[in-house]
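Shown next, in structure tokens, is the structure this report addresses.
The values are calculated or read from the model by the stated rules, or taken from the named source; none is laboratory data. Everything numeric in this text was worked out from a predicted model, so none of it was measured. FYI the Cβ positions are ideal-geometry reconstructions off the backbone, even for glycines, and counts take in every protein chain you see.
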Amino acid sequence: MRRSWRGRYRNNWYRGRNYKNNSESSSLNDSSATFRAASTSGSSRAPANQLPIVLPITNRNNIWKLYFPIEDQQSKEELANHINCFKAYIERNRNLFDLEKIDQTRSVPLDVANLISDSEFINGWPTFNTELFEHPDATLRLLEYCLHEKFKFESKIKLRVLNHQPVIPIANLKVNYFGKLVTLKGTVIKVGSVGLICTSMAFECSGCHNVQAVVQPQGVFTAPVTCTHCHGGSKYEPLQSSPFTNTTDWQVAKIQEIQSQSLSGTIPRSVEIELQGDLVGTACPGDVLSVTGIVQVRGESKGGEDGKRAARLLQLYIEAVSIHSHRNLSNPTLSFTLKDYYAIQEIHASEDVFKLLVHSLCPTIFGHEAVKAGLILGLIGGTEYDNGPRSNPHVLVVGDPGLGKSQLLQAAAHAAPRGVYVCGASASAGGLTVALGREAGGDFALEAGALVLADKGVCCIDELDKMSSHHSSLLEAMEQRRVSVAKGGVVCSLAARATVLAAANPAGGSYNRSKTVAENLKLNSALLSRFDLVFILLDQPDEKLDAMLSEHVLALHTGQKGKSAAKTSLNASINTSQTDNEVSLSKRLRLKPGEVLDHLPLVLLRKYIAYARRYVHPKISTEAANALQNFYLELRHNHQGGSHEGTPITTRQLEACIRLTQVRLSGFLKN
């Protein structure tokens, strides 16, 4: 049967141990923070041809001046039509604004998709979408002013844009997006420490002792040029404890493009994200974020030089406006279309779904059906419970060199909705879990490793035997699904809910049957017991089987991939030649004489696995629980009565049986 499936970091003046969230209008004193005036020479953040913006401090009730300090009242009258349109929208949708939450966070979430779909608003402001993209700063401040005046908030608020489209790849972020509003999606690979940045500074004139507040644009130290009272060019003393000196929380994170957007063989693109206010602390290493923000440019001196002749390197970064985390989704990087649902429904209606999935995984390698079945079970994963035991089965493949273990792991990493492939020979402990490094200013920053980046996904570790010194770093991540860090005064833990698919070669070059798996690999029993499935691949001489395998390899190199007769005879040879320790599952998964399967494309296989992980959550029935209990008791009895060598039978084996049962049901899309 044949079926077709083709159908500021140096200019951060205020630092303190105790910071206060949402401190947009908080003032500093000498005991809570220290003043650090860093040199702004060679920094592109400094306003080159722009006079300092002086805030009016005599009339604090002027809401317009709070958001537009240098625009006059005439500018407000020119925008009266836009202001009235948005105020009318607010009046029609008052239920969308939670005033109590806004007072706590000082931020207002606004669904742009809902706003654009409002016909009355678009008719009154037809150029809104264009102005939001090309002039986001002025447009957002105008919307914030309307909200402030409508709801009479006590302090300045920030607007958080939601559902902004389109989402552009990080690789397409170029300088032509400078100053525009964009939305990116990526994985957090680095998170810096939290600091304080000054938004406005109060200065006292040494001549007339007049106090004036000056906006610090993008955190750059900016002193007044002339006094607003005596109009003199006297010296100015910054006032730290003045109520007009305002600070806000500040943090820098870095996101990397997701797997589906990165090109094979290239370094994944990344971009820094600057977080302020209530956005601080929303990014954790390993999270998949949708970031909406304004593209800004930062200049740095080449080679550490700082002068007029120093070469300038411009770097793009995102000044975040809003952040949406996909932390609770199992496959946040994939979305389903109507065609995908129809294709998944057709796959589910096939005669043997699991057999089709097994043969669609790495079809260039024939045989090893049991190993492929175990990898498919690891890719699908089990049912997660809040604060419960882990639900994803870990798989270990042990065998002689040259049997295709690395190709199987690479195929599993590509088929996973969120997969990371690493080689143990070149991986460090920090590269596997999490690394704690120092930034230029001396602060610590967390950098996510492979297990953290594969959170809610699959981490494929090849050459596990080559990293014996790092085995201890895998113990906590594989069982507790977390990675703990305690270094340099930083104590924290990060989520690492990843399925580990590993491959290893025997220590002596070839597998010795007289030794146990732990002795062949030189693995400790604690790490070996965390693997739910352990497969042993042996290179046994067989004249007929070797002839068929060599014929298949030659067919691949000559481009003859459609030799169904060779495939059938190959599987028939396996059925007749390998009879030791056979299991019924391996026999059922092999192709029968004359049977041909049309393998699923990799994209469709990934969509099917993602659908099963997201929507299928089976539960164990009472009858199945009794059967698993009897099987576990039989294993314990046989282990006690026989040899005590090898892996002991504990409750981990019972939990592994439960996980594998749930995963098998998920593969059939059954609850």
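Residues of the range 343-366 that are under 15 Å from His599 (Cβ atoms) and small (Gly, Ala, Ser): Ala343, Ser350, Ser360.
Checking each residue in the range 451-468 for being at pLDDT 85 or above and touching a helix residue (DSSP H, G or I) at 6+ places or on another chain (Cβ under 7 Å) picks out Leu451, Val458, Cys459, Cys460, Ile461, Asp462, Glu463, Leu464.
Residues in the range 400-429 that are out of contact with any His (no Cβ under 8 Å at 6 or more places or on another chain) and on the phi > 0 side of the Ramachandran plot: Gly402 only. Here Thr337 fits the description: over 16 Å from Arg613 (Cα atoms) and surrounded by fewer than 20 Cβ atoms within 10 Å (Cβ to Cβ).
Can you name the residue in the range 99-118 that is exposed (fewer than 14 other Cβ atoms within 10 Å of the Cβ) and among the small types (Gly, Ala, Ser) and is also farthest from the chain's Cα centre (by Cα) among such residues?
Ser117
Could you tell me whether the range 136-147 includes any residue that is surrounded by fewer than 21 Cβ atoms within 10 Å (Cβ to Cβ), in contact with a Gly (Cβ under 9 Å, 6 or more places away or on another chain) and either more than 22 Å from Phe97 (Cα to Cα) or at pLDDT 90 or above (or both)? Yes, that holds for at least one residue.
Pairing residues of the range 159-180 that are more than 23 Å from Ile267 (Cβ to Cβ) with residues that are among the acidic types (Asp, Glu) and exposed (fewer than 14 other Cβ atoms within 10 Å of the Cβ), at Cβ distances under 8 Å and at least 6 apart in sequence or on separate chains, gives Gly179/Glu134; Gly179/Asp137; Lys180/Glu134.
In the range 189-280, counting only strands (runs of 3 or more DSSP E) that sit wholly within it, the ones holding 1 or more residues that are at pLDDT 80 or above and either closer than 30 Å to Asp455 by Cβ or among the aromatic types (Phe, Trp, Tyr) (or both) span 195-205, 236-239, 246-257, 270-276.
Within this structure, Pro648 passes the test of being in the same structural domain as Leu528 (by TED's automatic domain parsing) and in contact with a His (Cβ under 9 Å, 6 or more places away or on another chain). Pick from the range 66-98 the residues that are modelled with pLDDT of 85 or more and farther than 15 Å from Cys146 by Cβ: which of them is surrounded by the fewest Cβ atoms within 10 Å (Cβ to Cβ)? Checked the range 66-98; the qualifying residue surrounded by the fewest Cβ atoms within 10 Å (Cβ to Cβ) is Asn95. Taken together, Gln480, Gln410 contain a single residue that is more than 27 Å from Glu257 (Cβ to Cβ) and out of contact with any Lys or Arg (no Cβ under 7 Å at 6 or more places or on another chain), which is Gln480.
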